[in-house]
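What follows is a short report on a single structure.
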Amino acid sequence: MKKSLLVIAMAIGFALMAVSCGKSCVCTRYEDGKKIFTQKDSDFKVYDKKICEDQSQPKTDGISIVDGGKVTVEVICK
């Protein structure tokens, strides 16, 4: 009984450590629906998913970084 409780306690401890670790924010730029590039900022860690998602930008008209033409630009951060 003591062994099983110890195993369960260790499993819970590892699960809490995995959940509490910060994650890197990854932002992807789309032009006219095509993925252009993905940027991962590993200099800082995000503990609240909403902070990362707030960096996303809705679809807007913009200029392509590929050929300089007019495109619809969208940035999605996860």
Original post:
Among strands (runs of 3 or more DSSP E) lying entirely in segment 31-78, which contain 3 or more residues that are touching a residue at least 40 places away in the same chain (Cβ under 8 Å) and in contact with an Asp or Glu (Cβ under 7 Å, 6 or more places away or on another chain)?
Top reply: 70-77
Original post:
For segment 15-41, which residues satisfy the criterion of being loosely packed, with under 10 Cβ neighbours inside 10 Å and either of a type in the set (Asp, Glu) or modelled with pLDDT under 80 (or both)?
Top reply: Met17, Ala18, Val19, Ser20, Cys21
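The values are calculated or read from the model by the stated rules, or taken from the named source; none is laboratory data. These numbers come from a predicted model, not from an experiment. When we count neighbours, we look across all protein chains shown, and the Cβ atoms used for this are built from the backbone with ideal geometry, even at glycine.
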